[in-house]
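Participant: My questions will all concern the structure given below.
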Amino acid sequence: MIVAPTDEAIRRAAEALLRGELVGMPTETVYGLAAVATSPGAIRRIFEVKGRPSDNPLIVHLASIDDLESVAEQVPLSALQLAERFWPGPLTLVLPKRKEIPSEVTAGLSTVAVRVPAHPVARDLIRAVGKPLAAPSANRFMALSPTRAQDIDPLIANQLFCIIDGGPCSVGIESTVVQCLPEIAILRPGGVSRDEIEAIMEVAPNPTLVERRSPGQYPRHYAPATAVRLVAEVRSDEPGLVFGVPTDIQVAMPRDPVAYASRLYGALRLLDHLGLDAIYVEAPPETDSWEAVWDRLRKASTID
Ligand code: TXA
Ligand code: MG
């Protein structure tokens, strides 16, 4: 059930979360599938509902940077500087976890991924619960993340207490996941660009990955059901995403990477519903500012 983000709806959703239920939560990146982070039973349900392997850890969401020490055992100065610069916002920090965070959330890792979302409804909900909320993107494992409340797959929606409608997600792709120790490194490009991070500190080019790879790095991911083909040029009779003037089976995409990202999943979803043989995507420029879009397009077009 999709509900408007009224105070009453947020209060009822918070009560349901505290009872161990799941709630569809709007964030500025994509919609999340939220559960109380300190409730192992609720966390296990997230994995069931998503069809996600249990070795793939979740992101813990906080209402404020002031709560960081309630989930992270150690916060190096570099992490604090990133949090102060980019929170609330689409940046996730990977830090040593506190023992209060159950191993179900972190898939047994000694680190926890944490962020403060910019969407005010997400923060209101976390505040109403009074505890951090673990939330992966509200899609089935490997599928496209929803960027509107109504895009959440009915297979998931049916198992939620409610979905709070916070409108379309402004960023439109997931947060940037940053490893903080032993050095700053980007594990998943996303809503905050490498340039923005490098403007305030050094980023390791090839991360010394702690424990094992961040599981968001599966080769295929973020994919519609229809095959995606990345091409230099999309012919006028081919359905897909183009930069120039579109034909009636094409979607015109912005030439700015931030605007492109905010439309990407919606555009792929629209074409995915048409029962096509393939969705052709005109390759964007290969410059740094397109890194996150490239990551999603590569993963969407990987066949495994
Ligand atoms: O924008 C977002 O990040 C959205 C919204 C809902 O906040 N959430 C999201 O969650 O994308 P999810 O579960 O779809 O992706 C979480 C990513 C995965 O790539 C996962 O491997 C990584 O974060 N991650 C989580 N905990 C980690 C850890 N301890 N170490 C390394 N990577 C971790
Ligand atoms: Mg996801």
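The values are calculated or read from the model by the stated rules, or taken from the named source; none is laboratory data. As the structure is a prediction and not an experimental result, all values here were calculated from the model. Glycine also receives a Cβ, built like all others from the backbone with ideal geometry; neighbour counts cover every protein chain displayed. Only protein heavy atoms, including side chains, enter the accessible area calculation; ligands, DNA and RNA are left aside. Shrake-Rupley method; radii C 1.70, N 1.55, O 1.52, S 1.80 Å.
Participant: Taking the Cα atoms only, what angle lies between the long axis of helix 257-272 and the longest principal axis of the chain, rounded to 10 degrees?
Facilitator: Compared with the principal axis, the helix lies near 70 degrees.
Participant: Between helix 7-18 and the chain, what is the angle of the helix's C-alpha long axis to the longest principal axis, kept within 0 to 90° and rounded to the nearest 10?
Facilitator: It works out to around 70 degrees.
Participant: Okay, next question. VAL245 to GLU15: FRET efficiency via 1/(1 + (r/R0)^6), r the Cβ-Cβ distance, R0 41 Å, to the nearest 0.05?
Facilitator: My answer for the efficiency is 0.20.
Participant: Could you sort 288-297, 89-98, 255-264 so that the peptide with the highest average Cβ count within 10 Å comes first and the rest follow in order?
Facilitator: The densest-packed peptide leads the list: 89-98, 288-297, 255-264.
Participant: Calculated FRET efficiency, ARG98 and SER289, Cβ-Cβ r, R0 45 Å, to nearest 0.05?
Facilitator: 0.80
Participant: As a test of the formula, what do you get for the chain when each DSSP H run with n ≥ 4 contributes -39,500 (n - 2.57) and the sum is divided by the residue count, at 222 nm and rounded to the nearest 500 deg cm²/dmol?
Facilitator: The helix-only estimate for the chain comes to -8000 deg cm²/dmol at 222 nm.
Participant: How would you order 18-28, 43-53 from highest to lowest mean count of nearby Cβ atoms within 10 Å?
Facilitator: 18-28, 43-53
Participant: Taking amide H positions as placed 1.01 Å from N in the peptide plane, with prolines and chain starts having none, which residues 5 or more places from THR176, or on another chain, fall under 5 Å of its amide H?
Facilitator: LEU91, THR92, GLY190, GLY191, VAL192
Participant: How long is the gain from ASP237 to ASN158 if the chain were fully straight, where each residue apart is worth 0.36 nm and the alpha carbon distance is subtracted?
Facilitator: 24.6 nm
Participant: Using modelled backbone amide H atoms (1.01 Å from N, in-plane), which distant-in-sequence or interchain residues come within less than 5 Å of CYS162's amide H?
Facilitator: Amide H to amide H, under 5 Å and 5 or more residues apart or across chains, CYS162 pairs with GLY24.
Participant: Can you give the angle from 0 to 90° between the axis of helix 120-129 and the longest principal axis of the chain, with both taken from C-alpha atoms, to the nearest 10?
Facilitator: 30
Participant: In debye, nearest 20, what is the charge dipole magnitude of the chain about its Cα centre with +1 on Lys and Arg Cβ and -1 on Asp and Glu Cβ, if you could check?
Facilitator: The dipole of the chain has a size of about 780 debye.
Participant: Using a 1.4 Å probe over the heavy atoms of the protein chains, calculate the carbon and sulfur portion of the accessible area of the chain as a whole percent.
Facilitator: 51
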